[in-house]
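To keep things clear, I will list the structure first and then write my remarks on it.
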Amino acid sequence: MKGLTGKTALITGASSGIGQSIAIRLAEEGCNIVINYRSDGEGAADTHRQAMEKACKDIEVCGVQSLLVQGDVSKEEDVVSMVQKTLERFGQLDILVNNAGVQTDSPSEAIDVDSFDWVLGINLRGSYLCARETIKHLLAENRTGSIINISSVHEVIPRPQYLSYSISKGGMGNMTKTLALEYAAKGIRVNGIAPGATVTPINEAWTEDPEKQAEVESHIPMGRAGTSEEMAAAVAFLASDEAAYITGQTLFIDGGLTLYADFQEPWSA
Ligand code: NAI
């Protein structure tokens, strides 16, 4: 895709799932990648290995490089250091993908404060902190850039028993729009993708049980879960110059999950 070669992309939570696929895809598109991970160093090394295999398959001397950076996105000092390390190594940061995310489930009347704060701290404050540090760098260097937030269909679909997750993704949608408007004139585009049910480790509860997976998929108009590669393709598009005039948008990639599946067959009249 246009305009990605030679860019530097930082992907948070890139040791597994959607983040791993995004890192691999952006490397394949010619970006230097910064693979953030919180604790899964092996997963991050696997992302690096797969990314280099894809990016360098036909090239003798590969121009694409990757950097592994440990850090917890909910901690301000970790985020500051993550961006500093990126700049020390590559001298620039052009693309931020706010992918790191967690969820917990509990009836809403029983959520304890620590668990509530943990989810909001990673999904929402962490995304803001990464965006803040990226924007500071872009403004200081007078560079254009692109931020992509990995939201969820639960940005708009209420999800009972997952209140903190739903709040975090709803907030992320507003963060996408607010930052997009605030920095549009500076050439910093801010967009999001909202995945539907996607086969990744966060969904082990149903992806490892064929019966439960069939039950999940029965609610999806297209009849199947999505893949992390399908999410990564949309991120590459939004980060590229093909999307140069797109900002403040969240692209729903969900096999039709947000289309009111109950209306697939006529029932109302
Ligand atoms: P995953 O569990 O494989 O990925 C989440 C990643 O975030 C993990 O690598 C984890 O180590 C990392 N992470 C968690 N806390 C962190 C922290 N404090 N600092 C840095 N990294 C941290 O699951 P998946 O599905 O790949 O999730 C990626 C994103 O996609 C999340 O934001 C999730 O909410 C979102 N999403 C996933 C959907 C799905 O069905 N899999 C659907 C909608 C959204």
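The values are calculated or read from the model by the stated rules, or taken from the named source; none is laboratory data. Just so you know, these numbers come straight off a predicted model, no measurement behind them. Using ideal geometry, Cβ is built from the backbone for each residue, glycine included, and neighbour counts are taken over all protein chains shown. We work out accessible area using only protein heavy atoms, side chains counted, and drop any ligands, DNA or RNA first. Shrake-Rupley method; radii C 1.70, N 1.55, O 1.52, S 1.80 Å.
Going residue by residue through the stretch 203-225, is there one that turns out to be of a type outside the set (Val, Ile, Thr), closer than 30 Å to ALA55 by Cβ, at pLDDT 95 or above and buried (at least 18 other Cβ atoms within 10 Å of the Cβ)? Yes, that holds for at least one residue. Going by what's in this entry, would THR247 be described as more than 26 Å from ALA27 (Cα to Cα), in contact with a strand residue (DSSP E or B) (Cβ under 7 Å, 6 or more places away or on another chain) and polar (S, T, N, Q)? No; evaluated as a whole, the condition is false for this residue.
Quick one: which of ILE202, ILE193 is within 19 Å of GLY256 (Cα to Cα) and within 11 Å of the ligand (Cβ to nearest atom)?
Details: ILE202 fails: within 19 Å of GLY256 (Cα to Cα).
Among ILE202, ILE193, only ILE193 is within 19 Å of GLY256 (Cα to Cα) and within 11 Å of the ligand (Cβ to nearest atom).
Within the bounds of the stretch 116-134, is there any residue that is in a loop (DSSP other than H, G, I, E, B) and either within 16 Å of the ligand (Cβ to nearest atom) or at pLDDT 95 or above (or both)? No: the stretch 116-134 contains no residue that is in a loop (DSSP other than H, G, I, E, B) and either within 16 Å of the ligand (Cβ to nearest atom) or at pLDDT 95 or above (or both).
Is the stretch 122-131 home to any residue that is open to solvent by 70 Å² or more (accessible area, probe 1.4 Å), farther than 22 Å from GLU242 by Cβ, without any contact (Cβ under 8 Å) to a residue 60 or more places away in the chain and among the aliphatic types (A, V, I, L, M)?
no
If you go through the stretch 243-263 one residue at a time, do you hit one that is part of a helix (DSSP H, G or I), surrounded by fewer than 16 Cβ atoms within 10 Å (Cβ to Cβ) and in contact with a helix residue (DSSP H, G or I) (Cβ under 8 Å, 6 or more places away or on another chain)?
Taking the stretch 243-263 first, the residues part of a helix (DSSP H, G or I) are 243, 261-263.
Right, trim to surrounded by fewer than 16 Cβ atoms within 10 Å (Cβ to Cβ) and you get 261-263.
Narrowing the set further to residues that are in contact with a helix residue (DSSP H, G or I) (Cβ under 8 Å, 6 or more places away or on another chain) leaves none.
No, that holds for no residue.
Cβ-Cβ distances below 9 Å connect the following pairs, each with a first residue in the stretch 95-107 that is farther than 15 Å from HIS154 by Cβ, a second residue that is among the β-branched types (Val, Ile, Thr) and assigned to a loop (DSSP other than H, G, I, E, B), and a separation of six or more residues or different chains: LEU96/THR12; VAL97/THR12; ASN98/THR12; ASN98/VAL73; ASN99/THR12; ALA100/THR12; ALA100/VAL73.
Mind listing whichever residues of the stretch 132-154 are of a type in the set (Asp, Glu) and open to solvent by 40 Å² or more (accessible area, probe 1.4 Å)? Before you say what the answer is, go through the steps one by one.
Start the filter on the stretch 132-154 by keeping residues that are of a type in the set (Asp, Glu), which leaves 133, 141.
Across the stretch 132-154, the qualifying residue is only GLU141.
In the stretch 138-154, the qualifying residues are those that are out of contact with any Gly (no Cβ under 6 Å at 6 or more places or on another chain) and assigned to a strand (DSSP E or B), and the one that is nearest to the ligand (Cβ to nearest atom) is ILE150. Residues that are more than 20 Å from GLY19 (Cα to Cα), of a type in the set (Lys, Arg) and at pLDDT below 95 do not occur anywhere in the stretch 89-101.
Give ILE157, ILE167, ILE188 a once-over and let me know the one that is closer than 17 Å to VAL235 by Cα and surrounded by 14 or more Cβ atoms within 10 Å (Cβ to Cβ). Quick ask: steps written out before the conclusion?
Working: ILE157 fails: closer than 17 Å to VAL235 by Cα; ILE167 fails: closer than 17 Å to VAL235 by Cα.
It is ILE188.
Only one residue in GLY192, GLY223 is among the small types (Gly, Ala, Ser), part of a loop (DSSP other than H, G, I, E, B) and touching an Asp or Glu at 6+ places or on another chain (Cβ under 8 Å). Which one?
GLY223
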